[in-house]
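Derivation of every value follows stated rules applied to the coordinates shown; laboratory data play no part. Bear in mind the structure is a predicted one, so any value in this text is a computation, not a measurement. A quick note on method: Cβ atoms are made from the backbone with ideal geometry, for glycine too, and the neighbour counts reach across all protein chains shown.
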Amino acid sequence: MDPDFLVLFYSYRINAVSNGQVRGDSYSEGCLGQTGARIWLFIGFMLAFGSLIASMWILFGGYVAKEKDIVYPGIAVFFQNAFIFFGGLVFKFGRTEDLWQ
């Protein structure tokens with residue numbers, strides 16, 4: 001599976017759960033309540049780190065270790081995943097949710 005797809009899926013996953021739901025402030029019903037929100041977030045972070053590690057594996061295993069002359073495709077895959085990963089983190093933790101309530 002392509003790591004780009006996983007990191008996009010992770011970005012949706014972690015931003016679908018609000019910080020209030022994880023803390024238990026605004027979410028008491030539904031599938032497992034606060035625990036379900038935390039499990040959803042944890043699986044999203046596992047996918048994120050897994051896709052970042054997979055992109056490093058593609059970079060180093062496919063291009064750097066084989067000493068190819070052109071390493072651009074490996075670098076492009078890694079940076080694409082890294083930027084989506086850090087963008088998802090900034091969107092999750094760098095915003096306030098006061099306007100939503």
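Order these by the 10 Å Cβ neighbour count, fewest first: VAL64, VAL17, VAL7, VAL77.
VAL64, VAL17, VAL77, VAL7
With labels modelled as points extended 7 Å from the Cα through the Cβ direction, what inter-label distance (nm, one decimal) is found for ASN19 paired with LEU32?
For the pair ASN19/LEU32, the computed spacing is 2.3 nm.
Semi-axes of the equivalent ellipsoid of the chain: what are they in whole Å, largest first, if each equals the square root of 5 times a C-alpha gyration tensor eigenvalue?
Ellipsoid semi-axes (Å, largest first): 34, 13, 8.
Using just the helices of the chain, give the 222 nm mean residue ellipticity in deg cm²/dmol: DSSP H runs with n ≥ 4 each add -39,500 (n - 2.57), and the total is spread over all residues, rounded to 500.
Only helices count here, giving -22000 deg cm²/dmol.
Calculate the dipole size of the range 3-95 relative to its Cα centre from +1 charges on Lys and Arg beta carbons and -1 charges on Asp and Glu beta carbons; express the result in debye to the nearest 20.
The dipole of the range 3-95 has a size of about 140 debye.
Tilt of helix 72-93 relative to the longest C-alpha principal axis of the chain, in degrees (0 to 90, nearest 10)?
10
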